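One structure below.
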Protein chains: 2
Amino acid sequence: MTEFRFEPLARDGAARTGRLHTAHGVVQTPTFMPVGTAATVKAMRPEEVAATGAQIVLGNTYHLMLRPGAERVARLGGLHRFMNWPGPILTDSGGFQVMSLSQLRRMDKDGVTFRSHLDGSEHRLSPARSTEIQHLLDATITMAFDECTPFPAEPEVAASSMRLSMGWAQRSRDAFVARPGYGQFGIVQGSVYPELRLESAAALTAIGFEGYAIGGLAVGEGQERMFAALDVTVPALPDDRPRYLMGVGKPSDLVGSVRRGVDMFDCVLPTRSGRTGQAFTRRGTVNLRNARHQDDQRPLDEECRCPACRSYSRAYLHHLVRSEEVLGLMLLTQHNLTYYQDLMAGLRGAITAGTLDAFAADFEAEQALGDISAL
Amino acid sequence: MTEFRFEPLARDGAARTGRLHTAHGVVQTPTFMPVGTAATVKAMRPEEVAATGAQIVLGNTYHLMLRPGAERVARLGGLHRFMNWPGPILTDSGGFQVMSLSQLRRMDKDGVTFRSHLDGSEHRLSPARSTEIQHLLDATITMAFDECTPFPAEPEVAASSMRLSMGWAQRSRDAFVARPGYGQFGIVQGSVYPELRLESAAALTAIGFEGYAIGGLAVGEGQERMFAALDVTVPALPDDRPRYLMGVGKPSDLVGSVRRGVDMFDCVLPTRSGRTGQAFTRRGTVNLRNARHQDDQRPLDEECRCPACRSYSRAYLHHLVRSEEVLGLMLLTQHNLTYYQDLMAGLRGAITAGTLDAFAADFEAEQALGDISAL
């Protein structure tokens, strides 16, 4: 049986590459996890997700507990089998989405009671139930149930929210059923306050998890304050455990965060943007709805290996987006995920070669050039 | 250069197999053409369309002339290159969809003036312009511009409509630019009246086309009257040219029409149904929205080779349909097209083996059994 284990490899400054060994395979880090909210990375077959280079995907506990239901997924053999993704899956705890999506929430010291946004039915999430649901889903990586502190928050509010989450982290750990190759991550909170971040990191490492996430960022504080929070938090986390920055982010967020020692990311940006006609490229973002693409025979990104760039023109992608054709979101999602994965591969290569500073400078310079269609 | 040529092969009663040689490749007949309305078979990559077994697809002149525009497609290298489908493409004439989709139509003896359903802009289609547009699109097979006679129609109405279309067929032929490997089909009209169908077939064969379509059916007359019209019309068409039944149909329509000597079909049913959760299987149609599938680990169709049947459970497909996930329509479209193509391959094999009657009897018996989930 494979033990759940993080193996740091090359280092360049605070950044590192590594291998995360799990029951469902090895993940090379730094890694980006596509979001598969409702047991599917939207508009992508799992083989296509794998072909982009993704090695681990994320599932959303809130969505899956409501539909199709955690007990049903367990009866059907777990999430991997259900969605035909044999690789590692990380599930979030549901806490964040209860706050953003559900109706009629009542929070108490032990958890939160809410009504489903789908049918109004009443449900409850607590540290124990969230952990149980993730076990039923057969998540490779289970996240501790926490409260995502809103931004901005006064220091006292941020402190009490963080301390509530630390209590819940202990209860989540108590409810976790350890199995070889499976792991559970605690989540550092504390808003933008260094002393709270340090207190939270210390509390979680005292409990002991297989990995540590940094939560409550990318919620409106801006890149500068996000990076500042990383500068404080990352050094306070154990070097031999993976560090996961939740819900981040733009390509420049990934580059800056990897430089600060982050190993794992997830974000809806590449998949959601693909559905609105926005593409990420080596020359910055491109909006394919724009009429300037309608006669453009060039590929979206000359250097990209994905099918959207290899087999189609900007003119065709523009036509698909304007016509609201499903193939448009299929191809753009595939492109965006490929771009993200290739960026992560580039970062891993640069760390291994000890050239991360140059890689980051080149990345910023190329992004700043702007799209070829705008010249 | 390949000549456009139909090569009849095996025969079984009125049915025959054949090879249609075109500039863009060979099509084995009887064949089913998936509909690629707006330069895409909805929710399918072209490689996936080909993997279902499809060898030729259909494009809609009405949609393409409005968006992205025929002249634009020509500037971009033609429809094959634009949509990344190197195989044969048949385009309809636009006549049928002008009548069903456009606004403020004014028909005269030379054509029809209409406003786009997209932006209200005014356009005109005539035999010459429709033929020119299909040339600009680089259609492998161009259809003559006709009026699809409504159903029901009194004999006098059906006769004058048919005779108008025969005049337009001559003008369409005059406007057709002959090129090696490209062909143009005339369209038999005449509603349900045998003498009108025969008059139309005679008029078209006098003009001379590379193939003949049977139009104005599957418009509400029912399968029995459709088959009766085929029984009259097919023998009146040249044996050495392909026969194409437009807009048909259900699986049982295909079986019955092949038995009556039809070589080519197109229909939105497998693609449109896939988008609403309806699947065609060897045991009849299955609605995956139905709650009885929610815990069903079995594949949609045990005998199907498609990814939806090989890698996923009915429970998962049900979940995708209920959640309105794009992957659901991707997988169901792929399944339905695979089912249609496998049915055509089965028909070709039975004709070759001289066992078409037995094949048709088995088909009807299996369809009548009903879906396994309903037992």
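Taken along the Cα-to-beta-carbon direction at a fixed 7 Å, the label points for residue A:9 and residue B:5 span 5.8 nm. A label point on residue B:177, set 7 Å along the Cα-to-Cβ line, lies at 7.0 nm from each of its counterparts in the other copies, closest listed first. Taking each label point as 7 Å beyond Cα in the direction of the beta carbon, state the distances from residue B:5 to the same residue in the other copies, shortest first, in nm. Taking the point 7 Å beyond Cα along Cα→Cβ, the inter-copy spacings are 6.8 nm. Quick one: angle between helix A:326-353 and the longest Cα principal axis of chain A, in degrees between 0 and 90, rounded to 10, please. So the helix axis and the longest Cα principal axis differ by about 80 degrees. Isolated cysteines of chain B, defined as having no other cysteine beta carbon under 4.7 Å away, are B:148, B:267, B:306.
Gap in Å between the Cα centre of region B:1-25 and the Cα centre of region A:108-182? Using only Cα atoms to place each centre, the spacing works out to 65 Å.
At a Förster radius of 35 Å, what calculated FRET efficiency corresponds to the Cβ-Cβ distance of residue A:163 and residue A:75, to the nearest 0.05? The formula returns an efficiency of 0.40 here.
The label point for residue A:311 and the one for residue A:19, both projected 7 Å from the Cα toward the Cβ, are 3.3 nm apart. Look at the dipole of the protein assembly as shown built from charges on Cβ: of A:96, A:51, B:205, the Cα furthest out on the positive end belongs to A:96.
Can you check what the net charge comes to around residue A:215, using other residues whose Cβ is under 11 Å from the Cβ of residue A:215 (Lys, Arg +1; Asp, Glu -1)?
Working: positive: A:197; negative: A:92, A:146, A:147.
Once positives and negatives cancel, what remains is -2.
If you sort the three axes of the alpha carbon gyration tensor as a ≥ b ≥ c, you get a/c of 1.5 or more for region A:93-242 and a/b no higher than b/c, which makes it oblate. Look at the alpha carbon pairs under 8 Å that are at least 6 residues apart: their mean separation over the length of region B:1-51 gives a relative contact order of 23 percent. As a test of the formula, what do you get for the protein assembly as shown when each DSSP H run with n ≥ 4 contributes -39,500 (n - 2.57) and the sum is divided by the residue count, at 222 nm and rounded to the nearest 500 deg cm²/dmol? My calculation for the protein assembly as shown gives -12500 deg cm²/dmol from helical runs alone. Using the Karplus relation 6.51 cos²θ - 1.76 cosθ + 1.60 with θ = phi - 60°, the per-residue 3J(HN,Hα) values for region A:187-194 come to 10, 6, 10, x, 6, 9, 9, x Hz, with x marking Gly and Pro. Of the residues B:344, B:36, B:73, the one whose Cα sits farthest toward the positive end of the charge dipole of chain B, with +1 on the Cβ of Lys and Arg and -1 on the Cβ of Asp and Glu, is B:73.
Could you work out which residue, out of B:327, B:204, B:269, moves most in a Gaussian network model of chain B, that is, has the largest mean-square fluctuation with Cα springs under 10 Å? Maximum fluctuation in the GNM of chain B, among the listed residues, is at B:327.
Inter-label distance, residue A:345 to residue A:50: 1.6 nm, where each label sits 7 Å from its Cα along the C-beta direction.
Computed from point charges on the beta carbon alone (+1 for Lys and Arg, -1 for Asp and Glu), the dipole magnitude for chain A about its Cα centre is near 780 Debye.
A point 7 Å from Cα along Cα→Cβ stands in for residue A:71, and the other copies hold the same point at 6.5 nm, listed in rising order.
Given springs between every Cα pair under 10 Å in a Gaussian network model of chain B, which of B:257, B:102, B:130 has the largest fluctuation? Taking springs between Cα atoms under 10 Å, the residue moving most is B:102. Charged side chains reduced to their Cβ positions (Lys and Arg at +1, Asp and Glu at -1) give the protein assembly as shown a dipole of some 120 debye around its Cα centre. The mean sequence separation of alpha-carbon pairs under 8 Å and at least six residues apart, normalised by the residue count of chain B, gives a relative contact order of 17 percent. Net charge in the neighbourhood of residue A:96 (other residues with Cβ under 12 Å of its Cβ; Lys, Arg +1, Asp, Glu -1) is -4. Partner lysines whose Cα lies under 20 Å from the Cα of residue B:250, excluding those fewer than 8 positions away in the same chain, are identified as B:42. Closest approach to the axis carrying B onto A, counted by Cβ on chain B and given in whole Å with its residue, is B:326, 3.
Under a no-solvent Debye model with one identical scatterer per Cα of chain A, what's log10 I(q)/I(0) at q = 0.08, 0.12 Å⁻¹? These q points yield log10 I(q)/I(0) values of -0.40, -0.91. Which of A:266, A:240, A:119 ends up with the largest GNM mean-square fluctuation for chain A, with Cα atoms connected below 10 Å? Ranking A:266, A:240, A:119 by mean-square fluctuation puts A:119 first.
Each Cα pair of the protein assembly as shown feeds into the Kirkwood radius, which the Stokes-Einstein equation turns, at 20 °C and 1.002 mPa s, into a diffusion coefficient of 75 µm²/s.
Amide H contacts for residue A:15 (H built 1.01 Å from N in the peptide plane; partners 5 or more residues away or on another chain; cut-off under 5 Å): A:261. When a/c is below 1.5 the answer is rounded, else prolate if a/b is larger than b/c, else oblate, so apply that to region B:276-369 with a ≥ b ≥ c taken from the square roots of the Cα gyration tensor eigenvalues. Prolate is the answer for region B:276-369, as a/c is 1.5 or above and a/b outweighs b/c.
Every number in this text was worked out from the coordinates using simple rules, so none of it is lab data. Since this is a predicted model, take the numbers as computed values, not measurements. Positions of Cβ are backbone-derived with ideal geometry, glycine not excepted, and every protein chain shown enters the neighbour counts.
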